Amino acid sequence: MSKSIPNVDWANQLESAIRQFVKEKLELIMREEIKNFLEIEQAGTSNRRNGYYQRNLDTQYGQMEGLLVPRDRNGEFQTQLFAPYQRRIGWLEEAIIRIYQSGMSTREIGKFIERILGNAYSPATISRITDVVKEDIEKWHTRPLHKRYSVLYLDGLYVKLRRETGSSPNYCVNSPLIDNMDLMT
């Protein structure tokens, strides 16, 4: 009798495998970047590889721990994958901004991110990220409203029609309705 892997363990193993795969590919890209940098951009100089340094990076696939970033002896190489002191890739900032726009508080966002990534972000960090869009949100909330808006309602009904050929395909009967609404003042 074969043993089956519980769903939770299987999901964790899959996430771990994906994270490891992405980490390996990121490291491969950076190795090729430094190789190109030293052979083409630094050709004819005494600049050479100088090992690696480790860095943790939060990505949409989870936290990449111990990511090996190559370096050169002169300290001139910089990977194009992320900025020098960047600890998270931009998807997280975008997600925080969208969640904030939907009305969630900074503390709730912090708890949500901690559950997803396992890392805690302070309300102050989240607040600094959301300050980027605060003006846009305020402008949208205080924008002047028009007195009249047009609304388009779309509805459809799927109907089976029998044909002489014996088939009865589904057809959608659409019924659009346009309404001009006056706002109460």
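The values are calculated or read from the model by the stated rules, or taken from the named source; none is laboratory data. None of the values given here were measured: they were computed from a predicted structure. Every residue, glycine as well, gets a Cβ built from its backbone with ideal geometry; the counts of neighbours run over all protein chains shown.
The table below gives the values:
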{"item": "Matching residues, region 47-62, being among the polar types (S, T, N, Q), farther than 20 Å from F37 by Cα and not in a strand (DSSP E or B)", "result": "Q60"}
{"item": "Residue match in region 29-43 (condition: at pLDDT 90 or above, assigned by TED's automatic domain parsing to the domain that holds Q78 and assigned to a strand (DSSP E or B))", "result": "no"}
{"item": "Any hit, region 97-117, residues being closer than 21 Å to L26 by Cα and surrounded by 15 or more Cβ atoms within 10 Å (Cβ to Cβ)", "result": "yes"}
{"item": "Which numbered condition R88 misses (of (1) closer than 20 Å to E32 by Cβ; (2) within 15 Å of the chain's Cα centre (by Cα))", "result": "(1)"}
